[in-house]
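The values are calculated or read from the model by the stated rules, or taken from the named source; none is laboratory data. Predicted model, so just to flag it, every value in this text is computed and none were measured. Backbone-built Cβ (ideal geometry, glycine too); neighbour counts: all protein chains shown. Surface areas here come from the heavy atoms of the whole protein model, side chains and all, with no ligands, DNA or RNA. Shrake-Rupley method; radii C 1.70, N 1.55, O 1.52, S 1.80 Å.
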Amino acid sequence: MIGIDRDDEALAAASRRLQRFGEAVVIVRENFADITRVLRAQGLQQVDGILFDLGASSMQFEDAARGFSFAIAGPLDMRMDRRQSRTAAGLVNHLPEEELAGIIWRYGEERWSRRIARAIMRARPLATTTELAEVVAGAIPRRSWPRGIHPATRTFQALRIAVNDELLNLEKAIPDAAEALREAGRLCAITFHSLEDRTIKHTFLRLSRGCTCPPGTSASMSSGKRLLRILTKKPVTASPAEIARNPRARSAKLRAAERISEVEA
Ligand SMILES: C[S@@+](CC[C@H](N)C(=O)[O-])C[C@H]1O[C@@H](n2cnc3c(N)ncnc32)[C@H](O)[C@@H]1O
């Protein structure tokens with residue numbers, strides 16, 4: 001089993017937990033968008049199954065110092081891989097207003113994105129998560145605050161996706177992962193928000209139809225080859241009992257697909 005994460009703390013925790021499996025488990029600090037290279041470096045051409053457990057982890061959200069949470073004061077960081085130079089502070093304090101609004105609109109699906117970007121421009125430089133959360137909340141008319149979630153939830157999601165290039169990495173990784181599967185091998189993805197789920201759904205569909213896609217995306221997609229059979233027409237979600245045990249499972253969606261044979265392709 002090969003475990004990939006780009007967060008050093010996640011890797012340290014996983015190494016401790018999986019120690020008893022010895023050499024059967026290999027843990028690497030990599031971006032899963034580089035899955036082809038990672039597998040090759042392990043001397044592997046094909047694998048039996050791949051699971052993407054996407055998004056940010058509870059460990060990342062709960063550590064104030066990582067800057068993912070609007071609920072606890074911390075630096076505006078949000079990097080999964082702390083070797084990279086782009087941080088949330090960099091985006092919030094240096095991007096032009098239009099670009100900031102675009103990110104909040106696209107990756108947060110936030111209808112108040114322009115007002116939020118304008119408020120950020122007026123308030124910056126911003127240093128902490130809670131400062132940013134206050135500015136965002138203040139930019140949205142109170143009568144329009146979303147029900148059940150903090151008014152800064154969407155903006156924080158947007159910045160996190162942008163800091164970590166989450167959707168682009170996913171769009172690259174899924175076709176390459178499909179390509180790395182042996183016949184009848186399975187590709188599963190657990191997502192935690194609609195943009196991620198839509199990316200999985202559409203990429204699975206493209207790879208199951210084998211249509212020709214815009215060039216430059218990835219070798220397998222542009223070759224037009226059929227690679228997958230979708231196993232989940234609708235995503236699998238957690239039962240009420242599981243959600244009661246683990247409330248974070250409420251937004252989880254699992255989609256699965258199987259690698260088809262050369263003959264079927
Ligand atoms: C929902 S957590 C899952 C963690 C792990 N499966 C567990 O149960 O503890 C998602 C993890 O994916 C990692 N991650 C997100 N995008 C990544 C990428 N492009 N490459 C490598 N790891 C990534 C994050 O750092 C985070 O630790």
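Structure data summary
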item	result
Residues that are at pLDDT 95 or above and open to solvent by less than 50 Å² (accessible area, probe 1.4 Å), drawn from segment 142-160	151, 152, 153, 155, 156, 157, 158, 159, 160
Odd one out for residue 69, checked against (1) in contact with a helix residue (DSSP H, G or I) (Cβ under 6 Å, 6 or more places away or on another chain); (2) more than 11 Å from the ligand (Cβ to nearest atom); (3) part of a helix (DSSP H, G or I)	(3)
Number of positions in segment 91-124 that are in contact (Cβ under 8 Å) with a residue 40 or more places away in the chain, surrounded by fewer than 17 Cβ atoms within 10 Å (Cβ to Cβ) and either part of a loop (DSSP other than H, G, I, E, B) or not charged (D, E, K, R) (or both)	1
Test set (1) more than 18 Å from the chain's Cα centre (by Cα); (2) farther than 16 Å from residue 174 by Cα - residue 6 fails condition number	(1)
In segment 54-83, the residues that are within 15 Å of residue 29 (Cα to Cα) and touching a residue at least 24 places away in the same chain (Cβ under 8 Å)	79, 80, 81, 82
Segment 27-56, residues that are open to solvent by less than 80 Å² (accessible area, probe 1.4 Å), away from the ligand (no atom under 13 Å from the Cβ) and touching a Gly at 6+ places or on another chain (Cβ under 6 Å)	49
Looking only at segment 155-195, and only at residues there that are touching a strand residue (DSSP E or B) at 6+ places or on another chain (Cβ under 8 Å) and part of a helix (DSSP H, G or I), the one that is farthest from residue 106 (Cα to Cα)	180
